Every structure is written in structure tokens, then in C-alpha cells.
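Trainee: Below is the structure I would like to discuss, written out as C-alpha cells.
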Amino acid sequence: MANSAVEIGISHAPHEVETSFEIGKLGMWVFLAGETMLFGGLMCVFVLEWIYHGGWGADGAHVNWPLGAINTFVLFTSSLTAALAQGAARVHDSARAKRYLSAAALLGVLFLIIKAFEYAGDYHEGFTPLAALFWSFYYLMTGLHVLHLLGGIVVMFGLALMVNPRTPASWLERKLKYICLYWYFVETVWILLFALVYLAPAAG
Amino acid sequence: MAETTLEAAHSSEAHEKMGFWRAYLFSVDHKVIGKQYLFLGLFMGFVGVFLSYVFRWQLAWPGSSVPLWGKVTAPQYYEVVTMHGTIMVFFVAMPVLLGAFGNFLIPLMVGARDMAFPRLNMASFWTIFVGSVLLLISFFVPGGGSHAGWTNYVPLSDASKYLPGNYWGGNLWLIALAIDFASVLMGGINFLTTAIAMRAPGMTIWRMPLLVWQELVASVLFMLSVGPLIAGVVMLLCDRMVGTGFFLPEKGADPLLWQHLFWFFGHPEVYVVAMPGLGIVQEILPVFSRKPIFGYRMIVWAVIVAGILSFTVWAHHMFVSGMNPVLAEPFSVTTIAISIPFAVMLFAMIATLWRGQITFSTPMLFALGALANFILGGVTGIPLGTNASDIYLHDTYFVIAHFHNTLVPTAIIAGFGGIYYWFPKMFGRMMNETLGKIHFIFTWVGFNMVFIPLFLIGIGGGQRRIYMSSVYTYYKPLQPLHVIATIGLLIIIAGQIPFLINFFMSMFRGAKAPANPWNATTLEWATDSPPPHENFHTIPTVVRGPYDYSLPGMQQDWAPQAASVQAGAAQG
């Protein structure tokens, strides 16, 4: 198929129209809207079953909320470093942005390590996914969150590896905008999960 | 996320030298991906129709040997019924209406060079391809495909003790569905981003063709409704494979939860399929009536209102499920309310025909057939949406007939209309009109011969999901109607032979199509047939709305949206 568009030498910018939308960012928001319904649906189901059950009782009381609280702090810090990376990219300091981005990803890894200890502890105390409906939900919801976190960490490390002194600052800024948007979403999900799956059941 | 893929996809030098694999199989071109979706959907459609042939034969002549299949056993009956529904809704209607038409037409209609994220688009196709393969594989695992019905209600579908031997069939069903959802989600991200952010200059939202609007609203509905069901599918997989009890009453859970999750998605899903189908009809009607569409903005608002309301109606599928009967009243009210925007749309479409110069070309015939049957489907939805009458009609063939009268006109009949209408743009050749009309008559007459008897069977109390109706005395008087319906299906199947001949012969031997064979106004007709690699030689500037036909004081009876085409046509 002859590409006559090339012959007449027209511009190949994908969006030649002056719409005020940035397509990468818009695509990410649309994706997050779908994700919101995924986690939102799960949380609604969790609350509905909670009401149906008349509380989680002794099952919920055993949830390890101190470790959850520490993890909340870790994830907050990770988001802070991600925001600092964005700030560094904005003033065209790629090296600093790279350091902050790596820190954010490493804090994500720390979260996973703490989470692994928490899972192991619960498991050894007999709170397996099959122990009770509460624990099925607990593993499903936090597990789904861990998967999201894992994806974010891989992309953040990948992006950090791609940054070198010749990296165009605007490119890095744009990429950081997309991944950080995702990262803040995953953190927001965690805050809701922490309240819903740790604090409220632990309080009875 | 996919910014680099965009840059890579649009470096056209790379495209010039790509081989067969990149050009046709792993293409990132939205037009090629759209055609891949079309072929996948057509193939799965023929599988789905074959399954319906198996169970309809069994329904008409219970216990007899079905040609090409043999005697139908009870598990086989439930397998083919389940797989027919699943394939037709999730692997035919969605790939054809969203995947094929959405992919092919959205960038062309809004004046973009490609989708926003071309590689994501390619991934979307290959994801649904894997899902389709898994679903087809499930026929051949021990125990066969899922027997649990296309709605897969728990606890029947939950624990293997209820459906012994159907372990892998049920698991593969869930996995294939989750993959299908992931694929359509990827497509939806592309549709929304492309139509919102990549429109040509002058293409304001109020100049977008109605099909683009409907694909947009359908994508939003899908993205906002499928999340809870994805969660539900994962939970059900955990129940089946790990041994949790998210839906099992003996483990303290509420089995109605699955029905809520399924229908919270399932009802918007009906509109996800219906809206693009209606969009196709709304594209075809003005062109072959040579009139502007009646009430463009009113239709758009009706679509948006219907989309919002579609999230509030799901429990009308559950009136007899044992949920709190108090809830049935509000859901009846919302269900009746949602018929208002659809009535607005249908009246607007009928008013478009009023005093138009109608040409009964093949696309127009399919559009009119779809319109007529969609009205029948809509009207019969009212007794089902009303709590009191639904209690009688629930799970009878009336539901089947209603459902098929909404989805077949939009997904299949309008889909065929769309194929005939956009075939010149897709393949650069015209289809044969005579074969097309034969195809229409067989399909439409056959379709009504199947489903009008099914309405009567349902009113007569004929229950669905009955394998051997001959063992029930109350079913005896209804049996002749089943025979008529099955003969109708055989007519439909016979009618697809001219279609297949026409489709493949025209693709290679058809007359060369001009850029704008129908004298239509929208942007896809402002470029070559088939469009060049990046759709437009120069991105057109849009100067008017999409349906300017028969404007007073003009030499020709159509005014293209694109400025350049208009200038060229004025000289000729």
C-alpha cells in the first residue's frame, strides 16, 4: 500500500488538533476510572457481607493493624518521594528525579517485604484464606493491591533505569506524571483498605 | 503509559518496510485491527449459530439425532445453551460492534491518524483472541464447556459438587470472560482517549457522528460497570480453585451477591452492545433517506440519559430471586423510566425517514429491519421490567424472545447493515446488492419466524432451560411453535450462505469502490477507499455537522463535513 501521506510530506504528529487534553494523562485517568470501579466494587461487597454477617467478630479482631499502620507510613513516604521526583523533573534535574524515583520504588519494595512478614504471621496463626469469609476477603483485597503495587514498582524501576544525563527533561516529566498518577491511586486504595480491612474490623 | 508507542507507531518510515507479520498480523493500524476483530467476531458468530442450531433442533424434535452432532445429552444441551449465550454476547457482539466498528470508524470519523495508543489497541485484539481460544478449548476438556448458563449463577457454578465433572469447563469459562473484559477495557481506554483528545480541527463534540457518541457512551458504561464483575469473577475462581466461600451459603456468604455483581454489569452491558448497533442504524438512515437525522442533540442526550439510568436498573433481572421485594418497586420504576430515552431515540429515527427520499439499498434494508425489531424488543421489555408481570414471565421463552429482539437487531442485523455500508471503505470494493438483499430477506424473515413463536411459547408458560420438553404434558400444545422457530433458524442459516459468498467474493472480485459511494457526509468518506496508511492525506478541517443532507439552496443534496472535499465537489 503506497503511503502517499509520506510523499506529500505532511506532519506525522499523532494529534494535530489543539485540543487541551494530554492523551497519555487522559488515558491514565480513564484506566483509573475502571480501576476505581474494580476496587470500589470489592469494597462495597466487603461492606455488604459485613452487614449481612452482623460484623466480623473474632475473625476481624486478629488482623495485624500495627504492621498495617507501619505500611501506611511507608507508602505515604513513597508517594512523597514520587512527588519530589516530579518536582525535580519540573526544574529539569534528571539526576535528582532519578534518585527520588528509585527511592519511591524501593519504599514500595519495603512495603512488600513488610506485607510478606504480615501474611506469613497471619498464616502461621491459622488465619489462612480458607479460615473464614473475613480472611478470604482480606487476602483477596490486599493481594489485589499488592499486584497493583508490584506493577507500579516494575514500571518505576524501569523508568529509573532509562534515565541518563541525555534524557530530555520534558519526556521524563511526562512519564513521571503518568506513573505517579497511578502510584497515588494505588496509595489511595491502600488508605481505604487500611481503614476498611484493618482499623474497622480491629475496632470490632 | 503508551506515549513512546505512539511515537514509534507514527514513524512511518518503519511502516514502509514492514513485512507480512507486522502489516497484517501484529499490526498497530486501527483499520487492520478493526478487520481482525471483524473476522474474529464473524468466526465466533458462526460457532455460536451452530450451537443454537444444535439446541433448537433438540427443542423442536426432542431426543432425535441432530445432523452433524448426533443425539443431544442433557449435559450437552446445557453446554451448548451456555456457550451460545456466552459466545454471542461476549465474543461476537462486543468484538464486532466495539472492536470492529469502533476501531475502524472512530479515528476515521473524528479525523485522527490512528488510535491514541496503537500498541494497546493491538494488545486488546490479541487478548480477546486468547480469550476466544480458551473458550473454544473448553469444549474439549473433560466434562466439556461450562453448563452453568450464560449468567453462571451460584451456587450451581460455584462448587463442583453441584456440577460434577464440569470443573475445567467452568474455570475456563471464567478465565476466558476475565480476559475478554480486560481486552474490552483496553479498547475502551483507546476509544475514549481518541474521541476526546484527537479530533480534527473543527470537529467539536456536537459535530461528532452519532456512532462515535454511542461508542463513547458504550465504552464509559463498560468501564464503569465491569470492575465489580471482574472482582466477582476472581472471587468465583477462588471459590472453585482455592476453596474459599465468597458465594457459598454454607460458608456464611450470600449467594445473591453473584447475581448483583453479574447484573450490575450485565444490564449496562446490554446497552454497551445496543448503543453502537443503534449508532450504525443512525448513520445509515440519513444517508439513504437523504435527510438530516431528526433531533441530533436530542438523540445524544437520550443516549447519555439512558447510559446514566442503565446503572440503576439491574435488579429487574432478580425480581424472583429472593431479594427484598421492597427493592423491586424502585427497580421497576427505573426500568420503565429507561424506556423513555430509548423511545426518544426510536421516534427520532422514524422521524428521520418521514418524507425522505428512501433508497432500499442493502444497508438501508438491514437498518430498517433492525429498527423494526428493536421496537418490538423494547415494547416487550415493559412487561418484563414491571415487577407484577415479570413474576409470571420470568424464565420463560418470553424473556428469550425479548432479549433476542433487542440484541439481535442491534448486534447482528445492524451489524450486517454496517458491514454492507462500510465494506467499500474497509476493503475498497463494493458488495453485491442482489446477494445482499437475499441475505437480508432470509435473515430478517427467519429471525422473526424464530422469535415471534417464542413470545407465544413464553406467554403460554413455556419455561426456558428445559432439556426434554416432551416429558411435560403442559408443554405439548406449545411444541408446534418450537418447530416453527427451528425452521426459522434453518432459514437464517441458509441465508448466511449468500452472505459468505458475497463477503469473500466481493473482497477480491467486487467492483472498485469510489471514495464516497453513498454520497455520505461524514469524515470517513472524505478519504480514499480503503484509506491510506494514516487515514488522511491531510487532516481535514471540519466545517459542519455530520448529517447535512438536502440543504436548501445547494446544488448537491449532501454537504460533507470536511472543507476540502466540499470545495472539490463544488467544482464537479
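Trainee: Quick one: B:Ser64 ticks every box in (1) among the hydroxyl-bearing types (Ser, Thr, Tyr); (2) modelled with pLDDT under 95; (3) buried (at least 19 other Cβ atoms within 10 Å of the Cβ) bar one, so which box is it?
Mentor: (3)
Trainee: While we're here: Take A:Gly41 and tell me if it is at the interface with another protein chain (Cβ under 7 Å from one of its Cβ atoms) and at pLDDT 90 or above.
Mentor: Against the criterion (at the interface with another protein chain (Cβ under 7 Å from one of its Cβ atoms) and at pLDDT 90 or above), A:Gly41 qualifies.
Trainee: Ok, one more. Quick one: in segment B:478-489, which of the residues that are among the aliphatic types (A, V, I, L, M) and under 23 Å from the mean Cα position of the chain (by Cα) is surrounded by the most Cβ atoms within 10 Å (Cβ to Cβ)? Give the derivation first.
Mentor: Just the residues of segment B:478-489 that are among the aliphatic types (A, V, I, L, M), to begin with: B:478, B:481, B:483-485, B:487, B:489.
Among the residues that remain, those that are also under 23 Å from the mean Cα position of the chain (by Cα) are: B:485, B:489.
Values: B:Ala485: 24, B:Leu489: 22.
Only one residue tops the list, namely B:Ala485.
Trainee: Another question about this same structure. Any residue that is in a helix (DSSP H, G or I) and away from every other protein chain (no Cβ under 14 Å) - is there at least one of those in segment B:251-269?
Mentor: Yes - at least one qualifying residue is present in segment B:251-269.
Trainee: Sticking with this structure for a sec: Which fully enclosed helices (runs of 4 or more DSSP H) of segment B:388-499 have 3 or more residues being within 25 Å of B:Asn519 (Cα to Cα) and among the hydrophobic types (A, V, I, L, M, F, W, C)? Explain how you work it out, then say what you get.
Mentor: On the way: elements: B:397-407, B:414-427, B:433-459.
By residue number, B:414-427, B:433-459.
Trainee: Among the residues of segment A:76-89 satisfying the criterion of being out of contact with any helix residue (DSSP H, G or I) (no Cβ under 6 Å at 6 or more places or on another chain) and closer than 15 Å to A:Lys175 by Cα, which is surrounded by the most Cβ atoms within 10 Å (Cβ to Cβ)?
Mentor: Going through segment A:76-89, the residues out of contact with any helix residue (DSSP H, G or I) (no Cβ under 6 Å at 6 or more places or on another chain) turn out to be A:76, A:80, A:83, A:87.
Next, only the ones that are closer than 15 Å to A:Lys175 by Cα stay: A:83, A:87.
Values: A:Ala83: 16, A:Gly87: 14.
The qualifying residue surrounded by the most Cβ atoms within 10 Å (Cβ to Cβ) is A:Ala83.
Trainee: Under the condition of being assigned to a helix (DSSP H, G or I) and free of Cβ contacts under 8 Å to residues at least 24 places away in the same chain, which residue from segment A:81-97 is nearest to A:Gly126 (Cα to Cα)?
Mentor: A:Leu84
Trainee: Return a yes/no flag: does segment B:222-243 have any residue that is touching a Pro at 6+ places or on another chain (Cβ under 6 Å), modelled with pLDDT of 95 or more and more than 8 Å from every other protein chain (Cβ to nearest Cβ).
Mentor: Within segment B:222-243, not a single residue is touching a Pro at 6+ places or on another chain (Cβ under 6 Å), modelled with pLDDT of 95 or more and more than 8 Å from every other protein chain (Cβ to nearest Cβ).
Trainee: Report whether or not B:Met275 is under 29 Å from B:Gly385 (Cβ atoms) and more than 10 Å from every other protein chain (Cβ to nearest Cβ).
Mentor: Criteria met by B:Met275.
Trainee: Here is a follow-up. Which one of these is buried (at least 20 other Cβ atoms within 10 Å of the Cβ) and out of contact with any helix residue (DSSP H, G or I) (no Cβ under 9 Å at 6 or more places or on another chain): B:Ile457, B:Ile492, B:Ile539? It would help to see each step written out before you state the result.
Mentor: On the way: B:Ile457 fails: out of contact with any helix residue (DSSP H, G or I) (no Cβ under 9 Å at 6 or more places or on another chain); B:Ile492 fails: out of contact with any helix residue (DSSP H, G or I) (no Cβ under 9 Å at 6 or more places or on another chain).
Only one candidate qualifies: B:Ile539.
Trainee: Please determine whether any residue of segment B:97-117 is buried (at least 23 other Cβ atoms within 10 Å of the Cβ), among the aromatic types (Phe, Trp, Tyr) and under 16 Å from B:Phe222 (Cβ atoms).
Mentor: So far as segment B:97-117 goes, yes, one or more of its residues are buried (at least 23 other Cβ atoms within 10 Å of the Cβ), among the aromatic types (Phe, Trp, Tyr) and under 16 Å from B:Phe222 (Cβ atoms).
Trainee: When segment B:119-172 is examined, which residues are found to be free of Cβ contacts under 8 Å to residues at least 12 places away in the same chain, over 30 Å from B:Arg22 (Cα atoms) and within 27 Å of the chain's Cα centre (by Cα)?
Mentor: The one that is free of Cβ contacts under 8 Å to residues at least 12 places away in the same chain, over 30 Å from B:Arg22 (Cα atoms) and within 27 Å of the chain's Cα centre (by Cα): B:Phe140.
This table checks each residue for (1) of a type in the set (Ser, Thr, Tyr); (2) crowded, with 18+ Cβ neighbours inside 10 Å; (3) in contact with a Phe, Trp or Tyr (Cβ under 8 Å, 6 or more places away or on another chain).
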position: B:Ala148; (1), (2), (3): no, yes, yes
position: B:Asn152; (1), (2), (3): no, yes, yes
position: B:Lys161; (1), (2), (3): no, no, no
position: B:Gly165; (1), (2), (3): no, no, no
position: B:Asn171; (1), (2), (3): no, yes, no
position: B:Gly187; (1), (2), (3): no, yes, no
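Trainee: Of the residues in segment A:137-166, how many are surrounded by fewer than 19 Cβ atoms within 10 Å (Cβ to Cβ) and of a type in the set (Val, Ile, Thr)?
Mentor: Residues that pass the stated criteria total 3.
Trainee: Report yes if B:Leu256 is within 30 Å of B:Trp518 (Cα to Cα) and touching a residue at least 40 places away in the same chain (Cβ under 8 Å), otherwise no. If you could, list the steps in order and put the result at the bottom.
Mentor: Values: within 30 Å of B:Trp518 (Cα to Cα): no; touching a residue at least 40 places away in the same chain (Cβ under 8 Å): yes.
Against the criterion (within 30 Å of B:Trp518 (Cα to Cα) and touching a residue at least 40 places away in the same chain (Cβ under 8 Å)), B:Leu256 does not qualify.
Trainee: Which condition number in (1) touching a strand residue (DSSP E or B) at 6+ places or on another chain (Cβ under 6 Å); (2) surrounded by fewer than 22 Cβ atoms within 10 Å (Cβ to Cβ) is the one that B:Ala200 fails?
Mentor: (2)
Trainee: Could you check segment B:541-560 and list, in sequence order, the residues that are over 30 Å from the mean Cα position of the chain (by Cα) and within 14 Å of another protein chain (Cβ to nearest Cβ)?
Mentor: B:Thr541
Trainee: Moving on to the next point. Evaluate segment A:100-122: report whether one residue or more is hydrophobic (A, V, I, L, M, F, W, C), within 14 Å of chain B (Cβ to nearest Cβ), surrounded by 16 or more Cβ atoms within 10 Å (Cβ to Cβ) and part of a helix (DSSP H, G or I).
Mentor: Looking for residues that are hydrophobic (A, V, I, L, M, F, W, C), within 14 Å of chain B (Cβ to nearest Cβ), surrounded by 16 or more Cβ atoms within 10 Å (Cβ to Cβ) and part of a helix (DSSP H, G or I), one finds none in segment A:100-122, hence no.
Trainee: Tell me, which helices (runs of 4 or more DSSP H) wholly within segment B:14-124 include 3 or more residues that are out of contact with any His (no Cβ under 9 Å at 6 or more places or on another chain) and within 14 Å of another protein chain (Cβ to nearest Cβ)?
Mentor: Counting at least 3 such residues, we get B:30-60.
Trainee: Quick test of your reading of the structure: A:Phe134 fulfils all but one of (1) farther than 30 Å from B:Ala253 by Cα; (2) surrounded by 20 or more Cβ atoms within 10 Å (Cβ to Cβ). Name the failing condition by number.
Mentor: (1)
Trainee: Check A:Gly27, A:Gly68, A:Gly41 and return the single one that is part of a helix (DSSP H, G or I) and over 21 Å from A:Tyr198 (Cβ atoms).
Mentor: Going through A:Gly27, A:Gly68, A:Gly41 in turn, the sole match is A:Gly27.
Trainee: Any chance segment A:133-149 includes a residue that's small (Gly, Ala, Ser) and within 14 Å of chain B (Cβ to nearest Cβ)?
Mentor: Within segment A:133-149, the subset small (Gly, Ala, Ser) is A:136, A:143.
Now narrow it down to the ones that are within 14 Å of chain B (Cβ to nearest Cβ): A:136, A:143.
Yes, segment A:133-149 has at least one match.
The values are calculated or read from the model by the stated rules, or taken from the named source; none is laboratory data. The model shown is predicted, which means the values in this text are computed figures rather than measured ones. When we count neighbours, we look across all protein chains shown, and the Cβ atoms used for this are built from the backbone with ideal geometry, even at glycine.
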